Each structure stands twice: as C-alpha cells, then as structure tokens.
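Read-outs throughout are calculated quantities, based only on the coordinates presented, and are distinct from any laboratory measurement. As the structure is a prediction and not an experimental result, all values here were calculated from the model. Here the Cβ is made from the backbone with ideal geometry for all residues, glycine too, and neighbour counts use every protein chain on show.
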Amino acid sequence: MKRRYEALLALDTRGKDETTKDTIDRLEKFFKAEGAEVEQVQRLEKRELAYEHNHQTAAYFVNFVFEAEPTLIDKLRAKLKLDQDVTLQNYLVLPDKKPEVPQPAAA
C-alpha cells in the first residue's frame, strides 16, 4: 500500500549554483525511476544552516512530496547518502489525501 511522504533535501551547491536546476531535475527523475509518484517539487532556495556540516554553512533546500511503498524510503535514503550533491535528507510521512467532497450550491 502506497503512502504519502515528504523528503526535504539540502543540496551542496558550493561552486555550482548554475547547475542547481539540473541537480533537482536529476533527483526528480531518480525518485520516479525508483517507483515514487512525485506530486510536487518545492524549491525553497538557498538558506543558511543552523550548524556547519562538512565545512558547509549554507545549502539549497528542495522538498519533494511523493507517494511510494514504505520499503522505498530506506532504499532512497541509502542511495542519496552516496550522492555527493545531497548534504542532508529528512523524510516525513504525510496524511493521506482526503477525497474532495463537492460542496452543495448555496441558493
């Protein structure tokens, strides 16, 4: 049974700001290739980190909202840990989408 997830990724953009879009597109294709159904990609821009991580003080944040099997999260986490462009990653389980109920027309 597929569940909805949110993946917040911090990308290392030191010296490569012009390729941020290419990196995000590559990551989106990666999510889809692994079997995730990407609903939304939110580009949250470059922000300062609360603490220095691997001599890095700022990162470009991107948020992916997707549906996937629960077993896929461990696989994504392991593969993205090896990706040099991904500095930090965090995953959240989102509530299922509620079906839209048509509103009665007010007279």
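Rg over Rh for segment 3-94 works out to 0.95, using Cα positions for both radii and the Kirkwood form for Rh. Exposure proxy ranking for 38, 93, based on other Cβ atoms within 10 angstrom of each Cβ and starting from the fewest, stands as 93, 38.
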